[in-house]
Amino acid sequence: MLNPISLKACLVSASALFIFSQTAQATLTSYTSDGKDLVYSSISNVTWTKDANLLGSMIATHGYDYVVNAIINVTPTVTSLPSSSYAPTGNYTLSQDDFIDGYVSWYGAVAFVNYLNSIQYGGSSRWQLPAAMVLESSNCVPDIGSSVCGYDAIFQGNGAAAGNELAELYFHELSGQSRQFINGMLYPGTGMPQTNTFDNEEYNPAFATSTEVATNGNLNYYFDTRNGMQLSYLKGGADLYYAWAITPGFITAVPEPGSLGMLMAGLGMIRLIQRRKGR
């Protein structure tokens, strides 16, 4: 008979085997935690909400005033880099003007992920906006006609360091291609590749990141899924961005019935091995 310590070790091992079995065969793995649909990215080692416009869906279900007022109650003030246009002291007072249906200002996006943490959406209290590559130090080539460096994830990202989750998703996991000039000719981007893995990812090309532009507090970085480029723009304006949230790793949750069966089968095999060794 297994003692409590051995049983605990087996449970941990079996759980790890279960999670590995769910992620080893695909870079994107759909799963449910606490009744919420989520998608795990093995490249970035983060979990995305399945709904890329979760805020818009919440508003459609519960009503604008209910959802937006709840967000503002959790985060009445957003702290950021000082901004001459929006927050001279670095403290921005949130209002309903930061939310238009599913669209948000950058400040509204920050507040939205705080709200997800307050309700422990999907069983996690570690929701955040995706991070961005700091373009000024990337050594990438600026797009023609723009002073801002675009992002081509062929030479950056791929999970080597934390951040760049939107670009890694777009390029490495969904096989999107960026707009680029080659030998003087413009090759348009593919746009966000459409799959059944996510919902509502195709409707807005601009997804906010958590990364502010250090040299200009009026700006933040965002990922343009229409052209496959990482750019910067104003933090203000409620019609600018979607807020697509991530949380680190794979949310630990009680397995669903089918998954529980796999877990128990694994435990049975471990126990059988233990018995054979004891003979």
Would segment 41-98 count as rounded, prolate or oblate if I go by the C-alpha gyration tensor, calling it rounded below 1.5 in a/c and otherwise prolate when a/b exceeds b/c, oblate otherwise?
oblate
Could I have the simple spin-label model distance between residue 93 and residue 125, label points 7 Å from Cα toward Cβ, reported in nm to one decimal?
2.9 nm
Long-range amide H contacts for residue 211: which residues qualify at under 5 Å (H placed 1.01 Å from N, peptide plane, sequence gap of 5 or more or a different chain)?
132, 221
Put a dot 7 Å past each Cα toward the Cβ at residue 234 and residue 216; how far apart are the dots in nm?
1.2 nm
Please give the contour-minus-distance gain from residue 252 to residue 195: 0.36 nm per residue of separation, less the Cα-Cα distance, rounded to one decimal in nm.
18.0 nm
Can you tally the net charge around residue 82? Count Lys and Arg as +1, Asp and Glu as -1, for every other residue whose Cβ sits under 13 Å from the Cβ of residue 82.
0
For residue 202 and residue 32 in the same chain, what is the full-extension length gain: residue separation times 0.36 nm, less their Cα-Cα distance, in nm?
59.0 nm
By the C-alpha gyration tensor axes a ≥ b ≥ c (rounded if a/c is under 1.5, else prolate when a/b exceeds b/c, else oblate), the shape of segment 17-120 is prolate
Taking a ≥ b ≥ c as the square roots of the eigenvalues of the Cα gyration tensor, with a/c under 1.5 meaning rounded and otherwise prolate when a/b exceeds b/c and oblate if not, segment 187-238 is prolate
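Taken together, the values in this text are just the output of simple stated rules run on the coordinates, not laboratory data. A quick note: this is a predicted structure, and the numbers were derived from the prediction, not measured. Counting neighbours? That spans all protein chains shown, and the Cβs are built from the backbone with ideal geometry, glycine included.
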